[in-house]
1. Select from segment 259-270 the residues that are touching a residue at least 24 places away in the same chain (Cβ under 8 Å) and touching a helix residue (DSSP H, G or I) at 6+ places or on another chain (Cβ under 9 Å) and list them in ascending order.
2. Restricting to segment 245-264, give me the number of residues that are open to solvent by less than 20 Å² (accessible area, probe 1.4 Å) and touching a strand residue (DSSP E or B) at 6+ places or on another chain (Cβ under 8 Å).
3. Enumerate the pairs (first residue in segment 146-166 and farther than 14 Å from N106 by Cα and open to solvent by 50 Å² or more (accessible area, probe 1.4 Å); second residue anywhere and at pLDDT 95 or above and of a type in the set (K, R)) with beta-carbon separation below 9 Å, excluding pairs fewer than 6 apart on the same chain, so at least 6 apart or on different chains.
4. Answer yes or no as to whether T83 is hydroxyl-bearing (S, T, Y), at pLDDT 95 or above and open to solvent by less than 10 Å² (accessible area, probe 1.4 Å).
5. Within segment 525-542, can you find the residues that are surrounded by fewer than 16 Cβ atoms within 10 Å (Cβ to Cβ) and either of a type in the set (G, A, S) or not in a loop (DSSP other than H, G, I, E, B) (or both)?
6. Conditions: (1) in contact with a helix residue (DSSP H, G or I) (Cβ under 7 Å, 6 or more places away or on another chain); (2) closer than 20 Å to I226 by Cβ. A373 meets all but one. Number of the miss?
7. Go through segment 349-394 and count every residue that is open to solvent by 50 Å² or more (accessible area, probe 1.4 Å) and either among the basic types (K, R) or not in a helix (DSSP H, G or I) (or both).
8. Return only the number of the condition from (1) assigned to a helix (DSSP H, G or I); (2) of a type in the set (S, T, N, Q); (3) open to solvent by 50 Å² or more (accessible area, probe 1.4 Å); (4) modelled with pLDDT under 90 that T4 does not satisfy.
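The values are calculated or read from the model by the stated rules, or taken from the named source; none is laboratory data. No experiment lies behind these values; they were computed from the predicted model shown. Every residue, glycine as well, gets a Cβ built from its backbone with ideal geometry; the counts of neighbours run over all protein chains shown. For the accessible areas, the whole protein counts, side chains as well, though only heavy atoms, and no ligand, DNA or RNA atoms are used. Shrake-Rupley method; radii C 1.70, N 1.55, O 1.52, S 1.80 Å.
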Amino acid sequence: MKKTKLLIISILILTIYSCQDFLEKAPLDGPSNVTFLKTEKELILAINGVYENLWLNEISASGQWEYILDCGTDISWDRGSSTFTNTGNGSVNSANGTLGTVWSHNYRGISRCNFILENINRVENASSEVINHVTGQARFLRAFWYNELVSLWGDVPLVTSTLGITENKVSRTNKDEIIDFILADLDLASEELPESWSNDQTGRATKGAALALKSRIALYAGRYDIAATAAKKIIDSGIYQLYPNYRGLFQYEGESCSEVIFEIMYEYGIQRSRMAYSVSSRNAKCTSTKVPTQSMVDSYECIDGMTIEQSPLFDPAHPFENRDPRLKQSIATPGDIFLGFQFETNRDSVKCWDYNVDPPKRISNQDALNPYATFTGYCWKKMADPIDFPDYRNNSSLNFIMIRLGEVLLNFAEAKIELNEIDQDCLNAINSVRGRESVQMPPISGGKSQAEMRKIIRRERKIELAMEGFRLQDIRRWGIAENVMPGPLYGRPLEGYSYADMGNPVFDEYGNRDYSSIGDMLRVVEIRAFDIERNYLWPIPQDEMDVNDLLVQNPGY
């Protein structure tokens, strides 16, 4: 049985009903401008209403949409969503409804933040501490949503105040100007927010969250000195610690743990997630729609710290042995026991073991027989906690981590590498992630060039942050999307599990295995394309273009 969370989420449901009650009693033509936000209680209700906008889990019938961004990259694929399939294969267009949903969702949250920041001075008899804390949360959340917008669309309208019905036409603002604005907002937020909240307020933004988001935004923008400084403040604070169990970090045991800096809270009966249902196996009565690629599987090093191209420990006949432990902690591979079932995806494996019963019994293997079983032959384990199975697999209350220390450490290391300041602090950051108790990968030694370290940090981000929504922005900002995206998207070998007949692995300069000589031995999930002139940004939703003639469409759409 899942545990009950006495958290901010329990307050949010009261906020929703309280606001509905208020709207029923107040005039609809302007309650916010006339009667609302005069008391401390109303101020708390207002900021809780902003947090409510974090939930957007109906896209692709899954959990938080940010995680699913990885399905539009080289490391994952989504059978269940035309949106993320089309962003991956390069065919997405401005009529795509999901893009419009994301755009509107983010601006709705920004509008709520703007209302609070614009009207907070009318609140009477509120303590300065409450005023500062609410202001800081509004600034943080506004920056959070603006970062998502500029990361996906580039230049977007910068709106910093509430707009009237006749003021809805706003032109796009240069991305760099928006980044300047939100970095300044986060500086203020980091001064206004507390380092922590009491247990009954878990889930609210903190000083650490503001600094961590600043490090991410600055890194994405190539402002490496700012990124490194912000990340270092978090590292040196000692408030956050890497959670020892990497697999457990994405299960209920990892909720609100020492590594988590900011998470989106879920609770049964209030907000549900279907991510476990989307990523898990057919034997577990799930859909296996969001699946890792062969390229992702082959990216994990061996336990000696070498790639499968270099390591003498790589055994083509047993390709999943002697590998970085994060492979088995992130991905279900053939031969695993996954959610209590023997996981076999060879089409000839028509029977498998069910270990959920005593004694175990042989059953028809739906991961081989079902025509909609994982198309790549693998499943993600992240966000699939056995506690949710079978009763809550489609109704999970597992939180989604949006910011964690592991990312911050890698932000710091990458910023230092790009600054060519490859000192012991830089190495310590990478090695602490690799040295997590359940991982224990060999440390990266000093004396390497900037180019060598750049390859290392890029592979480390690919492994550590897999299926958390980072890969899309990483391959875009590194300028390698046109190199890693086009061509066949491969799944597992067609026959057996052995790589013995596939030759020695060869990797390209972008960190991906070259399958050109062995493609006929692998499942081909789809053929992808990437147009460098258009696919580095999403198209502005057509509905927005239709109502705002000041918007200019992104090139190629």
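1. If the condition is that a residue be touching a residue at least 24 places away in the same chain (Cβ under 8 Å) and touching a helix residue (DSSP H, G or I) at 6+ places or on another chain (Cβ under 9 Å), then E259, V260, I261, F262, I264, M265, Y266, E267, I270 are the ones that fit.
2. Residues meeting the conditions: 9.
3. Correct list of pairs: D155/R172; D155/K175.
4. In short, no.
5. Result: E526, I527, A529.
6. Failed condition: (2).
7. Residues meeting the conditions: 18.
8. Failed condition: (1).
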